[in-house]
Amino acid sequence: MTPLLDIRNLTVVFDTPAGTVHAVNDVSYTIEEGETLGIVGESGSGKSVHALSMVGLIARPPGRIVSGEVYFKGRDLLKLAPRELYNLRGKEIGFVFQDPMTSLNPVLTIERQIAEPLRRHFNLSKNQARERVVELLELVGIPNARTRIGQYPHEFSGGMRQRVMIAIGISCNPKLLIADEATTALDVTVQAQILDLVRDLKKKIGTTVIWITHDMGVVAGLADTIQVMYGGRIMERGPVDAVFEDPRSAYTWGLLKSLPHGGKRGATRLYQIPGNPPNLIEKPVGDPFAPRNAFATERCKRETPPLLQVEDGVAGHKAAAWYDLRAELKKEREASA
Amino acid sequence: MTRYLLVKLLEAVVAIWGVVTIVFFVSRILGDPTVLLLPVGAGPEEIANLRTALGLDEPLWQQYLYSLLAMVKGDFGISFQHVRPALDVVLERMPATASLAGLALIFGTLIGAIAGAIAALMRGTVAELVVMIAALLGQATPTFWLGIMLILLFSVELGLLPTGGAGGWENYILPGLTLSVFVSASIARLLRSSLLDIMREDYVRTARAKGLMPRTVFFWHIARNALIPVVTMIGIIAGELLGGSVVIETVFAWPGVGRVIVQAIQAQDFPVIQAGVALVAGIFVVVNLLVDLLYGVLDPRIRRG
């Protein structure tokens with residue numbers, strides 16, 4: 001079966017006065033229909049930029065797609081004419097953005113904002129669109145939908161606005177839903193509600209989801225596959241359980257180690273990955289995480305490791321590392337014992 | 001809504017009262033108008049008689065209270081110069097000022113809006129540079145100088161247009177153009193920066209992610225929001241222009257409100273000064289109120305219950 005999305009060697013840079021920022025470096029991956037992919041990484045890891053760039057949502061200039069192909073249902077998105085891209089956005093690929101009040105237009109009603117993609121892609125009449133908007137708001141759990149559609153974003157709470165964003169994202173039943181930090185601005189209880197909602201919606205409408213976040217916990221609860229990005233590259237990728245239990249990239253391992261564990265508050269200081277995020281203005285050489293990695297070898301600093309299947313791991317578990325993390329950790333344990 | 005309007009109305013009354021009061025006392029400092037009104041060589045007795053006739057010999061506070069009471073009733077007194085009701089003297093100049101202001105506002109706003117939109121949409125091109133330099137020059141050039149230069153070129157050198165005065169449509173061209181340059185330059189600069197700010201907003205990215213056509217994104221999501229500060233600017237300019245551009249009306253000998261007030265100040269015609277200033281203040285307040293109401297239409301966040 002051909003994958004729904006097949007990204008090959010995507011490289012994106014930003015031309016800034018300070019120099020060329022290498023935001024996405026040679027990223028390749030596929031996602032199958034119905035799969036939920038969680039992409040994790042810190043700010044500047046390229047996780048959002050690569051997703052926005054494949055449907056033409058980064059500003060060009062300063063952004064520039066240097067190379068790559070992005071096949072969606074067999075067509076290369078990077079070669080589409082603008083009009084074909086407009087027809088695809090919102091309809092085949094839905095987006096849910098982070099909302100600290102800013103992702104919804106403050107001067108348009110909720111009804112208009114949700115109805116826009118419906119009227120644009122399906123030529124619905126105003127009344128037909130209104131019925132669908134009410135249906136969508138009920139689906140995402142907004143009570144009194146019929147009275148609330150005439151209201152404006154500032155009349156909604158943060159969690160409710162995020163639900164509105166999700167309603168916009170799924171309004172045209174897209175094949176692929178890309179959620180970019182969709183729960184980051186919300187408090188923990190609201191975040192849990194939204195995640196429940198997404199799991200529920202996935203069951204109902206069967207959309208393929210790319211969930212971009214910096215929160216490992218969110219990915220653990222939602223995704224089938226996790227993909228860890230750093231410095232514009234994929235460091236590790238695989239089934240969620242395999243990666244969480246048996247990480248093979250030192251960056252993944254560091255992220256997992258720095259998570260707080262339930263019930264042990266204050267017992268030990270939280271682990272912190274040493275060093276600073278990479279400066280992407282310098283042309284990246286070698287493994288981008290090498291300067292912060294205690295296990296890095298000489299080769300890591302010179303040569304970029306390819307993303308390869310982990311030899312003794314489960315199918316689909318891939319990592320980009322010259323060192324053998326499992327062997328290194330074993331040595332460390334034996335030394336301390 | 002009614003409460004909001006009542007508050008605004010009260011503010012307006014206080015503002016106009018303040019302006020009238022300041023003008024009353026400041027104009028009295030200017031000197032004694034009777035000397036100017038009588039022929040050269042008039043004796044002290046004649047001066048004293050005229051002062052009594054005009055009510056200028058009474059204590060200042062009494063004059064102030066009398067004229068304030070009369071103004072509430074709409075009576076601004078009789079013009080010393082024209083010997084007619086002062087308000088009539090000012091009001092009959094209103095059509096000339098209003099038509100010139102309207103013309104400059106419509107043309108200036110249209111040209112400014114188009115130029116500003118071009119500059120924002122063609123960011124980083126020669127077109128943007130040209131618009132921005134033109135707008136900067138337009139805003140920085142003193143209007144009286146521009147007016148005089150236009151008269152020199154089109155009236156004196158080429159003999160195409162009248163140097164001043166009102167009458168036919170050709171009299172509108174030069175003063176209208178001079179005012180439009182300033183209006184369009186201000187609006188072009190503000191609209192450009194406002195558009196560029198809004199284009200970076202997250203909700204514009206949301207709109208594009210919905211697959212909307214670029215013109216829908218531009219008109220409904222970018223321009224709609226970018227216009228809010230521009231509306232305020234247009235309101236302020238409208239208030240200024242309707243009060244009569246003193247400089248332009250003087251340069252082009254335009255028979256408008258601004259010019260009649262200047263003439264009244266020179267002649268120390270107190271009733272006309274007071275009527276003129278009260279009218280200008282009133283117009284300013286009304287235009288501002290309209291802008292406030294329009295603001296509520298454009299931005300639901302400040303709509304009041």
Once the convex hull of the alpha carbons of segment A:86-224 is built, what does its volume come to per residue, in cubic angstrom?
102
Cα-based Rg of segment A:218-288 normalised by 2.2 N^0.38 Å, two decimals
1.27
For the Cα atoms of chain A, what angle does the longest principal axis make with the long axis of helix A:188-205, in degrees from 0 to 90, nearest 10?
70
In a Debye calculation with equal point scatterers on the alpha-carbon sites of chain B and no solvent, what is log10 I(q)/I(0) at q = 0.07, 0.09 Å⁻¹?
-0.38, -0.60
Just for the Cα atoms in segment A:1-45, what are the lengths along the principal axes, largest first, rounded to whole Å?
44, 20, 10
Taking every other residue with Cβ under 14 Å from the Cβ of B:Leu54 and scoring Lys and Arg +1, Asp and Glu -1, one gets -3
Take every DSSP beta bridge whose two residues both sit in the protein assembly as shown, then give the antiparallel share in percent to the nearest 5.
60
Residues of B:194-206, mean number of Cβ from any other protein chain within 10 Å of their own Cβ, rounded to a whole number?
4
Test of understanding: in a Gaussian network model of chain B with alpha carbons linked when under 10 Å, which of B:Gly167, B:Gly77, B:Gly102 would top the mean-square fluctuation ranking?
B:Gly167
How well do other chains shield peptide A:104-112, expressed as the mean number of their Cβ atoms within 10 Å of each residue Cβ?
5
Taking the reciprocal of mean 1/r across every pair of different Cα atoms in chain A, the Kirkwood radius in Å is 21.3
Hey, can you list the DSSP H helices of chain B whose Cα span along the axis is 24 Å or longer and whose average Kyte-Doolittle score is at least 1.0?
B:2-29, B:94-121, B:224-242, B:270-298
What Rg and what Dmax come out for segment B:94-255 when only alpha-carbon atoms are used, in angstroms?
18.2, 59
Scoring chain B by relative contact order with C-alpha pairs under 8 Å, at least six apart, yields a percentage of 28
Could you state the angle between the C-alpha long axis of helix A:158-170 and the longest principal axis of the C-alpha atoms of chain A, as a value from 0 to 90 degrees rounded to the nearest 10?
80
Taking segment A:217-337, how much of its Cα-Cα pair set, in percent, is spaced more than 25 angstrom apart?
25
Candidate lysines - alpha carbon under 18 Å from A:Lys202, same-chain residues fewer than 8 apart omitted
A:Lys91, A:Lys175
Work out, in µm²/s and without decimals, the Stokes-Einstein translational diffusion coefficient of segment B:68-160 at 20 °C, 1.002 mPa s, Rh from Kirkwood over C-alpha pairs.
123
Theoretical ellipticity at 222 nm over the protein assembly as shown - DSSP helices of four or more residues, -39500 (n - 2.57) apiece, nearest 500
-16500 deg cm²/dmol
Antiparallel content of DSSP bridges confined to segment A:147-273, in %, to 5:
55
Kirkwood-type radius of segment A:125-186, with distances r between different C-alpha atoms, in Å
12.3
I need the fraction of alpha carbon pairs in the protein assembly as shown separated by more than 51 Å, rounded to a whole percent.
35
Peptide A:83-90, shielding by other chains (average Cβ, 10 Å cutoff):
3
Net charge around A:Arg8, counting only other residues with Cβ within less than 13 Å of its Cβ (Lys, Arg = +1; Asp, Glu = -1)?
-3
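In percent, what relative contact order does segment A:162-320 have, based on Cα pairs under 8 Å that are 6 or more apart in sequence?
About 18 percent, as a whole number.
Suppose we look only past 17 Å in the calculated P(r) of segment B:198-305. What percent of the Cα-Cα pairs does that tail hold?
66
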Report relative contact order for segment B:94-255 in percent, whole number only (criteria: Cα-Cα under 8 Å, sequence separation at least 6).
38
Using a Gaussian network model of chain B with C-alpha springs under 10 Å, which one of B:Gly256, B:Gly211, B:Gly55 is most mobile by mean-square fluctuation?
B:Gly211
Using all alpha carbons of segment A:94-151, what is the percent of pairwise distances in each 5 Å bin, ordered from the shortest bin to the longest?
4, 18, 26, 28, 19, 4, 0
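Compute and list, largest first, the equivalent-ellipsoid semi-axes of segment A:1-131 from the alpha carbon gyration tensor, each √(5λ) rounded to a whole angstrom.
Taking √(5λ) for each eigenvalue gives 28, 20, 15 Å, largest first.
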Bin width 5 Å, alpha-carbon pairs only: give the P(r) of segment A:184-266 as whole percents, running from 0 to the bin holding the largest distance.
3, 12, 22, 23, 20, 14, 6, 1, 0
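Scanning chain A for trypsin sites (Lys or Arg not before Pro) in DSSP loops with at most 12 other Cβ atoms within 10 Å, what's the longest stretch left with none?
A:1-263
Just so you know, all these numbers are worked out from the coordinates, no wet-lab data involved. Predicted model only: the values in this text are computed from it and were never measured. Every residue, glycine among them, receives a Cβ derived from its backbone with ideal geometry; neighbour counts consider all protein chains shown.
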